[in-house]
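Have a look at the structure below before the remarks.
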Amino acid sequence: MDSLVQFRSAAFPRLPAEGDPDDDPIFGQLLADDLAEKLQRSGVATGEIAREDWGFLIPIGSPFKMWIGCSHQQGDEQDFMCFFGPEKFLRRASEGKNEAAAELAGLRSVVDAILRTNPAVDEIAWQPQRS
């Protein structure tokens, strides 16, 4: 199942708190905040967003089972991606084990709907996630 989505948007610019682009090219706090809020409104339990060295992690579920990573893609300021983790959960989902496949499919569907209903988001492309 495709578990990485790339898209373009001008709606999630770098925040001053995310640092200088020359020193820290990674940003995406506004994207993570927006996605977490819309996930909650869609009935998906989310935890506190955490900054990682690759972007921002939104914990999903209660208790926490998986997460969504959000990040700007290096290059154009309007290129972003979101992806699912952890790898162990994705592996179980690809094998169809322990309801993981259904959970991942449901979450992917919600994220896709959130992106597609946002008029500031375009060029949405889902693809398999590489380990």
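The values are calculated or read from the model by the stated rules, or taken from the named source; none is laboratory data. Because the structure is a prediction, the values reported are computed rather than measured. Neighbour counts are summed over all protein chains in view; Cβ atoms, including those assigned to glycine, are modelled from backbone coordinates with ideal geometry.
Structure data summary
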| read-out | value |
| --- | --- |
| Flag if G19 is closer than 18 Å to L107 by Cβ and surrounded by 13 or more Cβ atoms within 10 Å (Cβ to Cβ) | no |
| Some residue of the stretch 30-48 being in a loop (DSSP other than H, G, I, E, B), acidic (D, E) and touching a Lys or Arg at 6+ places or on another chain (Cβ under 9 Å) | no |
| Failed item, numbered, when R51 is tested on (1) over 24 Å from G106 (Cβ atoms); (2) in contact with a Ser or Thr (Cβ under 9 Å, 6 or more places away or on another chain); (3) of a type in the set (D, E, K, R) | (2) |
| Candidates I114, I124, filtered to the one that is among the β-branched types (V, I, T), in a strand (DSSP E or B) and either in contact with a Phe, Trp or Tyr (Cβ under 7 Å, 6 or more places away or on another chain) or at pLDDT 95 or above (or both) | I124 |
| Test for L39: is it closer than 20 Å to L104 by Cβ and within 14 Å of the chain's Cα centre (by Cα) | yes |
